[in-house]
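Below you'll find the structure, written out as structure tokens, and then a few comments.
The values are calculated or read from the model by the stated rules, or taken from the named source; none is laboratory data. From a predicted model like this one, the values you see are computed outputs, not experimental measurements. Just so you know, the surface numbers come from the protein's heavy atoms only, side chains and all, with ligands and any DNA or RNA stripped out. Shrake-Rupley method; radii C 1.70, N 1.55, O 1.52, S 1.80 Å.
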Amino acid sequence: MEITPQVAVAICIAVIGGFWALAKLLMMQTFKQLDERFATQDTARTKAQEHWDMRFAQQDSARSKVQEHWDQRFAQIESLARSTDKDLLMMRGDLPNLYLRREDYIRGQSTIEAKLDAIATELKMVQIKGSKV
């Protein structure tokens, strides 16, 4: 059997067609695998997104609870500071009535001692005059 140009062209076309069918089959398999991989990745991404959304919701919930706790705590501290300021002002008002300064005590004591000395001097004078009579 002799290979004529027409038979050679037909054989070439058949071979090329076979390769084309094989390439088409391989491309379809590749696209199928890529679709499955992307579907798996989309599912994984969706699950990860749901996980992070839940995690952020938990973080926001915890943050709001902590914020509420600190707001209450700061309110208590502010109330305590106000009452302390009020008590301090009342104490400053009562202080002059309740507290005797050291200088005031010394001055009062000196006056009393001076009066006692004056009385003692007068008693001596009376005793001296009484003994002369």
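Just a few scattered comments:
- Here the 3J(HN,Hα) profile of segment 71-83, calculated from phi with Karplus coefficients 6.51, -1.76 and 1.60 at θ = phi - 60°, is 4, 5, 5, 5, 5, 5, 5, 5, 5, 5, 5, 4, 5 Hz, Gly and Pro shown as x.
- MRE, 222 nm, helices only [DSSP H, n ≥ 4, -39500 (n - 2.57), over the chain, to nearest 500]: -35500 deg cm²/dmol
- By the compact-protein rule of thumb, 2.2 N^0.38 Å, the alpha-carbon radius of gyration of segment 22-77 corresponds to a ratio of 2.34.
- Only one of [x] 1.99; [y] 1.01; [z] 1.23 was calculated from the structure for Rg/Rh (Cα atoms, Kirkwood Rh), and its label is [x].
- Accessible area per residue for the chain, computed on protein heavy atoms with a 1.4 Å probe, is 97 Å².
- Segment 1-67-segment 100-115 distance, computed between alpha-carbon centres (Å): 104 Å
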